[in-house]
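The structure appears below as C-alpha cells.
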Protein chains: 2
Amino acid sequence: MLRFIFVLLLAATPLRAEVALPSWNDTPARTAILDFVDATTDPKAATFVEPKDRIAVFDNDGTLWAEQPVYFQFLFALDRARALAAADPEWAKTPALKAAATGDVKALMAGGEAALIEVVGATHSGMTVEEFTREAGEWVRTAKHPTKDRPYIDMTYLPMVELLDYLRLNGFSTYIVSGGGVDFMRGFTDEAYGVPPPNVVGSLGKATYQIVDGKPQVIKDPAIAFIDDKEGKPIGIMRSIGQRPIFAAGNSDGDYQMLDWTTSADGPRFGMIVHHTDAKREWAYDRDSMVGRLDKALTDAPAKGWLVVDMAKDWSTVFAK
Amino acid sequence: MLRFIFVLLLAATPLRAEVALPSWNDTPARTAILDFVDATTDPKAATFVEPKDRIAVFDNDGTLWAEQPVYFQFLFALDRARALAAADPEWAKTPALKAAATGDVKALMAGGEAALIEVVGATHSGMTVEEFTREAGEWVRTAKHPTKDRPYIDMTYLPMVELLDYLRLNGFSTYIVSGGGVDFMRGFTDEAYGVPPPNVVGSLGKATYQIVDGKPQVIKDPAIAFIDDKEGKPIGIMRSIGQRPIFAAGNSDGDYQMLDWTTSADGPRFGMIVHHTDAKREWAYDRDSMVGRLDKALTDAPAKGWLVVDMAKDWSTVFAK
C-alpha cells in the first residue's frame, strides 16, 4: 500500500505544479519560470548551471514593491524633511527644502532635478549609515501609503517574494539591484524579501570616516557617489557581485541594460519584465508614466526573449498583505 | 562500553583543541581566536551573536597572502606591460609604460605615484571585467614569485585559510576587504580562500557599459573610482556589505581604521594583526617597511585590545604549499 502511494506520487503531475509560486496563476509565465529553474538545476541537463553561478538580480521599485504615485524613498525624504523642519525652524532655509518640508510637491518639481538632489542630500545625511538605515526601516514598517492606506512594507508583491524564495530554494543567490539608495533599502529588504544587506546593490551616497564622541563612524554626506540605474546597473553588479547574473527581473527602461547584458551572454538566461496592467488591484501604466516608464524594453521584449509578466492575468494575489 | 566512550569524549578537552586551526601552534593567539568563536556562537552565552551578524573581514596583501618584495598585483601589472609591449611596439609610448614594459622598477619608482597609476590604468583596462578577472586568475595560478620560486597562489597563508574555514564552519560570513583591485582579486579568492566574488571588497576602477560586436559588455577604464584603503575600508564595507563586522584582521596601518571601527562598537568584537616576524620562512618587517608598513597599529594594539599574531611563534606552517 505504501509503495503504491509512493508510485502514485511519482507518477502524478510534478509536485511543483501544486506548491511552487502559489500566488501565480497557471499561465505560461509561471510555466516559463518553473521550466527555467528545472533546466538550470537538473544536473543531467546540458543547461545545468553550478550553484555558484546561479545569480539572480531584481530591480526593486515597481518590480518587488509598488512605486506609485512616486518612488517611496521620495515620500520618505518628504517625511524626513517635515520632521527635520519641525525640530529646527532654520533647517528649511532654501526654496527646495521649504517645499519638501511643507509637502508642496508642485513647487519642488518646479525646481527640477537640482531641487530633488538637494532634498535627498539634506534628508539623507548627517548621521551614521547605521542610524539612517534603522530610520528608513522604521518608516517603511510604520508610515502609510497616501492612497492605499497601508504600511509600505505590505506593498511588496507576494508573487515576487515567492519567486525569490523559490529561486533560493533552488540554489540561486538573489540580489536586489535598484536605482534606490542602498542604505535606504537595507532597512527592510531582509524582512520583506529575505535579501540581507550584503545582497543589496543600489545608488550610493558619499560617506566619510569621522571620529564622533571619540568613536569612529561612517557618516552619510549629502553628495551622490554612484547612480545604479540604466548603464549603471551592469556596472554596479560588476562592482558589488563580480559575476554576470543568469536571471534578471525589472519593470522599466531603467532595467533595459541589466536585462540585455544578463540575457545576451552564452548559456541559459532569463529576462523578466513586470508589466503593470492592473488598475484595479494596483496601477496600470507603462510607456507614458513619469515613474517606472516602460517603453523600449516593452517594445524589444519579444525579440530579446524576455518574459513580460501581465500583473492582472498572471498574478492571483498582488500585495504581500 | 559505547556509552563509556561517549562520556569520555564529552569529558575530554574540548574537541576544538585537537582539530581546529591545525597550523596554529598552541599559543595564547590560537586560544583567543577559539574563545571568541565559542563566546559568539554559544546560544546560551550573553555574548552570543546571531549568524546574520557574524561578519568577518580580512585584508588580503600581507594578511591572507604575502606582499614582498612588493604587492603581487603590481608584479602582475609589470608582466602585463611586458606582454602588451611585445604584442604592440607602440604600446610603451610614455616613460612610465616603457619602464614597466622593461621591468625597470627603479625608473618607474622615480615617476612617483602618477607613474604607478598610469601603469596600473594602462594594464588594467580595455577589456571586459570578466576577461580581466580571468587573466588575473591565470597569472596568480601560473606566474612564479621572483625569489620564492613558486606560484603566487601557493603563497597564501595556511593558518589564515584555516581561520577563514573555521569561522565559516561556525556560521560567520567571511569577506576580503583590501586595497587591491576587486577585479584582480576575484580571479583567485574563491579557489585560494573559499571567498566567492560577491564577498570581495576592494579598490574600484572605473568602467563603462559598451556595445561590443553587437553585445553589451562592461569594459574596464584606466581611471580609478574608489580606493579601499585606510578610511576607505569602513566606507567600502558600508557600501558593499552594509553591516559593521564583529571580526577584522589586517597587517598594516592601512587596516587601522577598519580595525578601530570594527572593535570600538558595542558587543563582542575581535581585532587581529598579522605581524611579519618570520625572516626565515617568510619575511620580517613592520615599522620601516615600504610595503605593508605597520607602525601606529602595532603601537596601539595593546590599548585597543587587538591580538598581534607573531608569525614565527604562532604559526607552525606559513604557506599553503
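The values are calculated or read from the model by the stated rules, or taken from the named source; none is laboratory data. Treat the numbers as computed from the prediction; the structure is a model and nothing was measured. Cβ sites come from the backbone with ideal geometry, for glycine too, and all protein chains shown count toward neighbours.
Within the option set B:272, B:290, being at pLDDT below 95, over 30 Å from residue A:232 (Cβ atoms) and of a type in the set (A, V, I, L, M) holds for one residue only, B:290.
Against the numbered list (1) within 11 Å of another protein chain (Cβ to nearest Cβ); (2) crowded, with 23+ Cβ neighbours inside 10 Å; (3) in contact (Cβ under 8 Å) with a residue 40 or more places away in the chain, residue A:263 comes up short only at (2).
When only residues in region B:153-174 that are among the charged types (D, E, K, R) and within 25 Å of residue B:270 (Cα to Cα) count, which is farthest from the other protein chains (Cβ to nearest Cβ)? Step by step, filter region B:153-174, then rank; the result is B:162. Taking residues in region A:125-140 that are within 14 Å of residue A:153 (Cβ to Cβ) and among the β-branched types (Val, Ile, Thr), and partners anywhere that are part of a helix (DSSP H, G or I) and at pLDDT 95 or above, the pairs with Cβ atoms closer than 7 Å and at least 6 places apart or on different chains are A:140/A:152; A:140/A:153.
Here residue B:248 meets the list (1) within 11 Å of chain A (Cβ to nearest Cβ); (2) in contact with a helix residue (DSSP H, G or I) (Cβ under 6 Å, 6 or more places away or on another chain) almost entirely, failing just condition (1). Is there a residue in region A:272-287 that is more than 14 Å from every other protein chain (Cβ to nearest Cβ), closer than 25 Å to residue B:210 by Cα and within 17 Å of the chain's Cα centre (by Cα)? Checking region A:272-287: at least one residue is more than 14 Å from every other protein chain (Cβ to nearest Cβ), closer than 25 Å to residue B:210 by Cα and within 17 Å of the chain's Cα centre (by Cα).
Anything in region B:166-196 that is hydroxyl-bearing (Ser, Thr, Tyr) and touching a Leu at 6+ places or on another chain (Cβ under 7 Å)? List them, or say none. It would help to see each step written out before you state the result.
Pass one, region B:166-196, residues hydroxyl-bearing (Ser, Thr, Tyr): B:166, B:173-175, B:178, B:189, B:193.
Of everything in region B:166-196, those that are hydroxyl-bearing (Ser, Thr, Tyr) and touching a Leu at 6+ places or on another chain (Cβ under 7 Å) turn out to be B:166, B:174, B:193.
For residue A:161, the stated conditions hold: it is surrounded by fewer than 21 Cβ atoms within 10 Å (Cβ to Cβ) and within 12 Å of the chain's Cα centre (by Cα).
For region A:69-90, a residue qualifies if it is free of Cβ contacts under 8 Å to residues at least 24 places away in the same chain and either closer than 30 Å to residue A:156 by Cα or not acidic (Asp, Glu) (or both), and the qualifying residues are A:82, A:83, A:85, A:86, A:87, A:89. In region B:143-155, the residues that are over 18 Å from residue B:105 (Cβ atoms) and in contact (Cβ under 8 Å) with a residue 12 or more places away in the chain form Cβ pairs under 6 Å with partners that are of a type in the set (Phe, Trp, Tyr) and not in a helix (DSSP H, G or I), at six or more places apart or across chains, as follows: B:153/B:188; B:155/B:65; B:155/B:319. Examine region B:229-248 for a residue that is under 28 Å from residue B:116 (Cα atoms), touching a residue at least 24 places away in the same chain (Cβ under 8 Å) and among the aliphatic types (A, V, I, L, M), and state whether such a residue exists. The answer is yes, given that some residue of region B:229-248 is under 28 Å from residue B:116 (Cα atoms), touching a residue at least 24 places away in the same chain (Cβ under 8 Å) and among the aliphatic types (A, V, I, L, M). In region B:294-305, the count of residues that are modelled with pLDDT under 95 and in contact with a Lys or Arg (Cβ under 9 Å, 6 or more places away or on another chain) is zero.
Please enumerate the residues belonging to region B:32-57 that are aromatic (Phe, Trp, Tyr) and out of contact with any helix residue (DSSP H, G or I) (no Cβ under 7 Å at 6 or more places or on another chain). Across region B:32-57, the qualifying residue is only B:36.
For residue A:206, work out the one condition from (1) surrounded by fewer than 22 Cβ atoms within 10 Å (Cβ to Cβ); (2) touching a Gly at 6+ places or on another chain (Cβ under 8 Å); (3) at negative phi it doesn't fulfil. Evaluating residue A:206 over (1) surrounded by fewer than 22 Cβ atoms within 10 Å (Cβ to Cβ); (2) touching a Gly at 6+ places or on another chain (Cβ under 8 Å); (3) at negative phi leaves (2) as the failure.
Being at the interface with chain A (Cβ under 10 Å from one of its Cβ atoms) and farther than 18 Å from residue A:203 by Cα is the filter here; which residues of region B:222-245 pass it? B:230, B:231, B:233, B:244 - these are the residues of region B:222-245 that are at the interface with chain A (Cβ under 10 Å from one of its Cβ atoms) and farther than 18 Å from residue A:203 by Cα.
Taking region A:212-243 as the range and being under 26 Å from residue B:186 (Cα atoms), of a type in the set (D, E, K, R) and buried (at least 18 other Cβ atoms within 10 Å of the Cβ) as the test, the residues that pass are A:228, A:229, A:231, A:233, A:239.
Looking only at region A:188-198, count every residue that is outside any helix (DSSP H, G or I) and closer than 26 Å to residue B:225 by Cβ and tell me the total.
The qualifying residues number 2.
Looking for whichever is of a type in the set (Val, Ile, Thr) and within 11 Å of another protein chain (Cβ to nearest Cβ) here; the options are A:140, A:105, A:201, A:177. Which one fits? Among A:140, A:105, A:201, A:177, only A:201 is of a type in the set (Val, Ile, Thr) and within 11 Å of another protein chain (Cβ to nearest Cβ).
If only residues of region B:207-219 that are touching a residue at least 12 places away in the same chain (Cβ under 8 Å) and within 9 Å of chain A (Cβ to nearest Cβ) are counted, the one that is nearest to residue B:236 (Cα to Cα) is B:207.
Scanning for something out of contact with any helix residue (DSSP H, G or I) (no Cβ under 7 Å at 6 or more places or on another chain), at pLDDT 95 or above and of a type in the set (Ser, Thr, Tyr), does region B:209-216 turn up at least one residue? No - not one qualifying residue is present in region B:209-216.
Examine region A:223-232 for a residue that is at negative phi and of a type in the set (Lys, Arg), and state whether such a residue exists. Even if it seems obvious, please write down each step before you answer.
At the first step, the residues of region A:223-232 found to be at negative phi are A:223-229, A:231-232.
Now drop any that are not of a type in the set (Lys, Arg), which leaves none.
No - not one qualifying residue is present in region A:223-232.
Could you pull out the residue among B:272, B:311 that is crowded, with 17+ Cβ neighbours inside 10 Å, under 25 Å from residue B:152 (Cβ atoms) and out of contact with any helix residue (DSSP H, G or I) (no Cβ under 8 Å at 6 or more places or on another chain)? It is B:311.
Just to be sure, is residue B:183 crowded, with 16+ Cβ neighbours inside 10 Å and within 11 Å of chain A (Cβ to nearest Cβ)? Taking the combined requirement at face value, the residue satisfies it.
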